[in-house]
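Before any comments, here is the structure.
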Amino acid sequence: MEKALFIIFAVVSVAAALNILLQRNPLYSALSLVGTLIALSALYVMLRAQFIAAIQIVVYAGAIMVLFVFVIMLLNAPKEAPYIEKHKALRFLAIPFAGLLIAEAFYVIRLVKPIQMPASDDSAQAVGTTLSVGTKLFTDYLLPFEVTSVLILMAIVGAMVLARRGED
Amino acid sequence: MTDLLLEWTIKIAVILGALLTAVAYSVLLERRIMGFIQLRRGPNRVGPFGLLQPAADGLKLIFKEDIIPSQASKLLYVIAPTLLLIPSLMIFIVIPFGSEIVLFGRKIALQVTHFDVGLLYVLALGSVSVYGIALAGWASNNKYSLMGGLRASAQMISYELALGLSVVGVLIQSGSLDLVEIVRSQGGWNGMHWNVFVSQPLGFLVFFIAALAEANRTPFDLPEADSELVAGYHTEYSSMKFVMFQMGEYCNLIAAAGVSTTLFWGGWMGPGVETYPALSLAYFTAKVFVFVFVFIWIRFTLPRFRYDQLMRFGWRVLLPLAILNIIITATVKLLVS
């Protein structure tokens, strides 16, 4: 049962991810990304990381992607061919860059140590529950957490300043 | 395992049946109350008191022609109504309808399931349901529909923030994201220790207004503002696809009522639930009914916001109030403990 669900959601997420690249209409690409995010969050649930799964949907699928879809709908799809197709030379540059990214991904995967996931353990102490995420965030990782919030606050203020510059 | 699966299946079937009946009759209720408020009778011809009106409406709509505009984006046009309806139905699996009752010698908890992040799950589904409206507006290839879809997405993003922050007070109060735990934490004072009385009247006010906006109800029904946008995002829809939009909207309405009840008005708590567990179901239903009535009452009493007023209200009034509520609740909690 668990294996079947895993296969279904894994296939959906990979297929949707491929569809992001293959679609020519930006709106369909954005919706495929939403599909990927939802399938991934289902996988998180299977790893007993309900909190992360829910946050993934609330933040990414529910807020950020709605904003993307809003912008795409507002600006409407451009009629002419995208920039990349006007400059054929750029296409060949894509191959070494893709190779570089894949090599980097493999390097990172090799670095990560395989950890024992308490997947069958139903207690509130499992890695991805609200309790464990909250405890870690406000004890062990308090400084990175606060630094990140300050960074985001700065980004918000910066965005406000940039958006308001035209008004004066 | 099979036992559990069977129990879930039966519960989901019962809830789905009850919910769809409630949706059909809340349409009738809305029309009758509209008649009452506007000093006329409303639909009362089909059956006693018009009680068969939903069946007659359903029959009529099934036989309508199902039109897909020739320039529409067909796939999105067809799936958009389901994208609105399914998330709003999914909310109901975590809402506790009552305490535990004993049936056929088994203890049965009156909710389909409950998990660690029930409240986040509700918020997530609420935020995902906007895709149905936005995509319906885009796929119809109609300028009024598109305007409706755009308004819906901007409105949802703005009010989601206030909605999410307004429940933080409840979380501080109950210390859990699990809806069952949240209801149980409101059990003191002979079943009257409801969050709205204890410390969250401001939180409830913000939540209630934001929930109205999330459910696209007047005075926040800009996505379908009849007087400016024909019918907004569902202008081009007919027959059963139109019905699915209507069902989705009323499902959202009942979900908003159910979640408000659960978070702020004690859920199924009330005097006497400890001795008579079946009473809890009655309390929950009554509270949800009152909420649905208030939603309808507001619809036929208040005029619609202008769009810029709506945005200003969300960002400059509701959001600061929600943050203020968090500060007050946290301070009080800290001082008391």
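Residues that are β-branched (Val, Ile, Thr): find the helices (runs of 4 or more DSSP H) completely inside segment A:1-69 holding 3 or more of those. Hits in segment A:1-69: A:2-22, A:26-46. Summed over segment B:229-274, the residues that are outside any helix (DSSP H, G or I) and out of contact with any Leu (no Cβ under 8 Å at 6 or more places or on another chain) give a count of 10.
Filtering segment B:144-161 to residues that are within 12 Å of another protein chain (Cβ to nearest Cβ) and either surrounded by fewer than 24 Cβ atoms within 10 Å (Cβ to Cβ) or not small (Gly, Ala, Ser) (or both) leaves B:Leu146, B:Met147, B:Leu150, B:Arg151, B:Ala154, B:Gln155, B:Met156, B:Ile157, B:Ser158, B:Tyr159, B:Glu160, B:Leu161. Only one of the listed residues (B:Gly169, B:Gly164) is open to solvent by less than 30 Å² (accessible area, probe 1.4 Å) and either more than 12 Å from chain A (Cβ to nearest Cβ) or modelled with pLDDT under 85 (or both). That residue is B:Gly169.
For beta carbons closer than 7 Å, sequence separation of 6+ or different chains, a first residue in segment B:111-135 that is within 7 Å of chain A (Cβ to nearest Cβ) and a second that is part of a loop (DSSP other than H, G, I, E, B) and acidic (Asp, Glu), the qualifying pairs are B:Phe115/B:Asp178; B:Asp116/B:Asp178. Scanning segment B:184-222 for residues that are open to solvent by less than 40 Å² (accessible area, probe 1.4 Å), at pLDDT below 85 and part of a helix (DSSP H, G or I) turns up B:Gly188, B:Gly191, B:Asn195, B:Val196, B:Glu214, B:Leu222. Within segment A:15-36, take every residue that is at the interface with chain B (Cβ under 10 Å from one of its Cβ atoms) and open to solvent by 20 Å² or more (accessible area, probe 1.4 Å) and give me the one that is nearest to the chain's Cα centre (by Cα). Among those that are at the interface with chain B (Cβ under 10 Å from one of its Cβ atoms) and open to solvent by 20 Å² or more (accessible area, probe 1.4 Å), it is A:Leu31.
The values are calculated or read from the model by the stated rules, or taken from the named source; none is laboratory data. Everything quoted here is computed from the prediction, not taken from an experiment. Using ideal geometry, Cβ is built from the backbone for each residue, glycine included, and neighbour counts are taken over all protein chains shown. Accessible surface is based on the protein model in full, side chains and every heavy atom, while ligands, DNA and RNA are left aside. Shrake-Rupley method; radii C 1.70, N 1.55, O 1.52, S 1.80 Å.
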